[in-house]
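Notes follow once the structure below has been shown.
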Amino acid sequence: AQKVTQAQTEISVVEKEDVTLDCVYETRDTTYYLFWYKQPPSGELVFLIRRNSFDEQNEISGRYSWNFQKSTSSFNFTITASQVVDSAVYFCALTGGGADGLTFGKGTHLIIQP
Amino acid sequence: GAVVSQHPSWVICKSGTSVKIECRSLDFQATTMFWYRQFPKQSLMLMATSNEGSKATYEQGVEKDKFLINHASLTLSTLTVTSAHPEDSSFYICSARDLKGLALYEQYFGPGTRLTVT
């Protein structure tokens, strides 16, 4: 069975601070895919990134960066110089691909205070 | 590209009635569609997986007679909540995957349907 753990239920920081959201996963699949989604109050999921199990390169996209480490089964997400618009619930998710749905973590509610 | 729509975006129904939610892939053929449920302040939980032309596969604990799923075409899947009760009030989100394409891992999410049962 697959499992995704986001231990941080809620994080509150002041604008312009850096913040890291943790994600730890469990899977028996050798090939799998990890995702991060943002869910604003409207509810619609916003895709942020996908990583496959064979690609451990870290990725940076503007103020966002991701650190994938298979040795610790972690896929952490860092926002640099946070902004109020970053406030949302962030979900980490896992799938083996094919006909498998996504297994989501419980989400981290990020609050950026002005 | 890869747009998924849901209709309605929100619905209020009375206890005991049935409500149908549509999920459409607008610009690709969705060989597989997934239905998720999200209760307030909780995570998304996979309810069922449907493949075009075949019966849906339900996750453990999801009543297949209560949540009827039909995936009759490559662009449309419907979820019918039968005899809805207040505890069925939730945010229902569908996603679609094109297994004929190369992106076997991609899931494209719809905007969700908020169901309130009074």
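Cross-link partners for A:Lys106 among the aspartates and glutamates, with Cα-Cα distance under 19 Å and sequence neighbours closer than 8 places in the same chain left out: A:Glu10, A:Asp22, A:Glu26, A:Glu44, A:Asp86, B:Glu59.
Taking Rh as the Kirkwood radius computed over C-alpha pairs, what is the Stokes-Einstein D of the range A:1-81 at 20 °C in a medium of viscosity 1.002 mPa s, expressed in µm² per second? This corresponds to a translational diffusion coefficient of 156 µm²/s. Contact order, relative form, for chain B: 36 percent (alpha carbon pairs under 8 Å, 6 or more residues apart, mean separation divided by residue count). Legend: calculated FRET efficiency, B:Lys41 to B:Ala72, from the Cβ-Cβ distance at R0 = 45 Å, rounded to 0.05, equals 0.85.
Based on the alpha-carbon set only, what is the convex hull volume of the protein assembly as shown divided per residue, in Å³? It would help to have the intermediate numbers written out before the result.
Working: hull volume 29.1 nm³, N = 232.
With only Cα atoms used, the protein assembly as shown gives 125 Å³ per residue.
When peptides B:85-95, A:87-97, A:6-16 are sorted by average Cβ neighbour count within 10 Å, with the highest value leading, the order is A:87-97, B:85-95, A:6-16. When the Cα positions of A:Trp66, B:Ala84, A:Gln8 are compared along the charge dipole of the protein assembly as shown, B:Ala84 comes out farthest toward the positive end, with charges on each C-beta of Lys, Arg, Asp and Glu.
The numbers here are math on the coordinates, done by the rules we state, and not lab data. Note that the structure is a prediction, hence the values are computed from the model and not measured. Using ideal geometry, Cβ is built from the backbone for each residue, glycine included, and neighbour counts are taken over all protein chains shown.
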